[in-house]
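The values are calculated or read from the model by the stated rules, or taken from the named source; none is laboratory data. Since the structure is predicted, the reported quantities are computational estimates derived from the model, not experimental observations. Every residue, glycine as well, gets a Cβ built from its backbone with ideal geometry; the counts of neighbours run over all protein chains shown.
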Amino acid sequence: MTAWRDLPGSERAKYLYRIARALQERAREFAVLESMNGGKPIKESRDVDLPLAAAHFFYYAGWADKLEYAFPAMTPTPLGVAGQVIPWNFPLLMAAWKLAPALAAGNTAVLKPAETTPLTALLLGEVIQQADLPPGVVNILTGAGATGASLVGHPDVDKVAFTGSTEVGKQIRRAVAGTSKHLTLELGGKAANIVFEDAPVDQAVEGVVNGIFFNQGHVCCAGSRLLVQEPVFEELLEKLKVRLGTLRVGDPLDKNTDIGAINSRAQLEKIGELVARGVEEGAIMYQPPCDLPDRGFWFAPTLFTGVSQSHRIAREEIFGPVLSILTFRTPEEAVEKANNTPYGLSAGIWTEKGSRILWMAERMRAGVVWANTFNRFDPSSPFGGYKESGFGREGGRHGLEPYVRLEPVS
Ligand code: NAI
Ligand code: MG
């Protein structure tokens, strides 16, 4: 049998297209399982996770036979075995982000889903069998941190790709140091979502809500720090409070649910602890009246005002439905505050002025900058961070590069 890496790209593409189509055909089943898996609202699994996961396989299937055009004047060859460790916030989508470019480029993969969310990765395994991929090309390995560490440390792994906490990212970087393994890390974030006084306020309110409450705030690029220009602060805050009161928290399988379950007891405890610190440090907390189910892990949508840059809630990734609001006067001050973080994954800018968007985007130390929108993803668009948010890009042509060795055409 021809090895995966030696198949013509057009043949590898066929398998990837089959996976993409099977994900579309079985989208309802996957969406329900994803909401049961991690607790995210079904409308998000259905409208975001599933279509995007399929789109990633379609997109990279399209590159499989065009690799030589992706890297002009270079000859790309696959690295070998990719060891891929993914988190629990987008279990299927992260599997797609990792597997699709690796396979398109001719690598084989060992994928480890997070211990709290293995279900959709295992169902994806079934789809991969259904697509008739040669045995051993994709391997799905369940387990917790120790399993991830064994995978990363395995001598036959040529490339490590990790998405998760900055803490574990640092451990992995140490573990592969001094080896020939290639590494990409997608880590945490503390993104600024910046609203200027000329922004369309109602649209900005929706963007702010989506920025922090999407997927219960379990999003590495969540807009968790809202920076508002002083003249519109009061108006925006009032509108935000009203909007928070309309968010429904509860059963992830109910189509009307906006905020689902917190992924695990440990994550709920972490959110609770950071929120308590916010109150202790003197920030002012607001939660709308809201009924939470008796059983399970839930957290009401939460806003903090009176936040200063030194507060833990302004510095640390909470990874929950908690927004810290700060104010600014000038664009220069917004830039300074937005970049005042060890992270650099994403940022949002809300303004009617095109020139200001460009001026701000140039100055943001963030891998992704959204203008008058937030949390938008597309397989053709590279995603990744600066500083402690990691390095390497996923998505787009950029996302192929970590999976190939490049040599000048001789
Ligand atoms: P984590 O980084 O421990 O887990 C992510 C993945 O890494 C899981 O598959 C886990 O089994 C694996 N893992 C854990 N230790 C490992 C090791 N030593 N070697 C290899 N793999 C290992 O994240 P955790 O503890 O679940 O969440 C803690 C915080 O991390 C969250 O509160 C959040 O702030 C952040 N986080 C960020 C994510 C992101 O997308 N950037 C995703 C998940 C968590
Ligand atoms: Mg951990």
Note on region 1-55: residues among the aromatic types (Phe, Trp, Tyr) and within 22 Å of residue 377 (Cα to Cα) are 17, 30
Restricting attention to region 56-79, does a residue exist that is crowded, with 22+ Cβ neighbours inside 10 Å, under 11 Å from residue 252 (Cα atoms), at pLDDT 95 or above and under 23 Å from the mean Cα position of the chain (by Cα)? no
Here the residues within region 149-165 that are surrounded by fewer than 23 Cβ atoms within 10 Å (Cβ to Cβ) and within 12 Å of ligand 2 (Cβ to nearest atom) are 149, 165
Taking region 166-195 and the residues there that are farther than 25 Å from residue 405 by Cα and over 18 Å from the mean Cα position of the chain (by Cα), the one that is nearest to ligand 2 (Cβ to nearest atom) would be 194
Requested in this report: Using the structure shown, decide if residue 376 is within 14 Å of the chain's Cα centre (by Cα), surrounded by fewer than 21 Cβ atoms within 10 Å (Cβ to Cβ) and among the basic types (Lys, Arg).
Outcome: yes
When residue 288 is run through (1) under 25 Å from residue 367 (Cβ atoms); (2) of a type outside the set (A, V, I, L, M, F, W, C); (3) touching a Pro at 6+ places or on another chain (Cβ under 8 Å); (4) part of a loop (DSSP other than H, G, I, E, B), the failure sits at (1)
Checking 121, 82, 102 in turn, the sole residue that is assigned to a helix (DSSP H, G or I), crowded, with 22+ Cβ neighbours inside 10 Å and away from ligand 1 (no atom under 11 Å from the Cβ) turns out to be 102
